[in-house]
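Undergrad: Structure in C-alpha cells, see below.
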C-alpha cells in the first residue's frame, strides 16, 4: 500500500546567479536495507530531482501545475536548475521556501527488503517479544507508530510514538526488526533487554 501520491524531495532556497537558476536543497532520500544476519544499513541514492524533467511546486502539498526543468546540475550538495517560464531573479525569489514534489512512482524501486524511510513513517509498531516462559500469548502488542527515523554513527534509530504520548527509541538493527509489511501498514519488532 503506497500512501503517497507525491513526495517532496527538496526545497527551493532562492535564486542563484544572474542566469535564471534556482538553488534547490535536496532532502536526504534514505533507503533502509534489511540484510540477513547483519545490521540494517542505510544508503542515500542520487536524488531523482537530477533525473526528473517535470516538477511540481508547493509549500505543504504539490500545486496542480507542472514546471518543466530545462537544465539541472550539482553544485556541492545543492542542485541548480533552470525552470521554464522563470527568467529573472525576482520571479525566482517568489518561489523561495517552496518544496519540489515528484510522483511516488518516479522514485527508483528500493529493492527487496529495502524501504525508503518515508515508507516506514506512520507504520504501526507491534511488539512480538516472547515473555520469559517463551509464551507468545500476549503477542503481538501494539507499541505505537513510527514518527520519524534518524541516523547515528553505528545504526539508524526508529522514533516510535506510543499511545500514551511517550517517545520510544528503537535501534534499526536485525535483532530488533522482525518484519516490515507495507501493505498491512505495520512493523513487527522484538524488544531487546533494556528497551
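The values are calculated or read from the model by the stated rules, or taken from the named source; none is laboratory data. This structure is a prediction, so every number in the text was calculated from the model and none was measured. Glycine also receives a Cβ, built like all others from the backbone with ideal geometry; neighbour counts cover every protein chain displayed.
Undergrad: Please tell me if residue 82 is under 16 Å from residue 19 (Cα atoms), in contact (Cβ under 8 Å) with a residue 40 or more places away in the chain, outside any helix (DSSP H, G or I) and assigned by TED's automatic domain parsing to the domain that holds residue 15.
TA: Criteria met by residue 82.
Undergrad: Could you tell me which of the residues 161, 168 is closer than 13 Å to residue 127 by Cα and surrounded by 13 or more Cβ atoms within 10 Å (Cβ to Cβ)?
TA: Checking each option against the conditions leaves just 168.
Undergrad: Quick check on this structure: which one of 92, 100 is in the same structural domain as residue 54 (by TED's automatic domain parsing), in contact with a helix residue (DSSP H, G or I) (Cβ under 8 Å, 6 or more places away or on another chain) and surrounded by 18 or more Cβ atoms within 10 Å (Cβ to Cβ)?
TA: 100
For every residue, the table says whether it meets (1) under 15 Å from the mean Cα position of the chain (by Cα); (2) assigned to a strand (DSSP E or B).
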{"site": "144", "(1), (2)": "no, yes"}
{"site": "159", "(1), (2)": "yes, yes"}
{"site": "168", "(1), (2)": "no, yes"}
{"site": "173", "(1), (2)": "no, no"}
{"site": "178", "(1), (2)": "no, yes"}
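Undergrad: If you don't mind, there's one more thing I want to ask. Which condition does residue 68 not pass, out of (1) surrounded by 12 or more Cβ atoms within 10 Å (Cβ to Cβ); (2) within 30 Å of residue 19 (Cβ to Cβ), if it passes all the others?
TA: (1)
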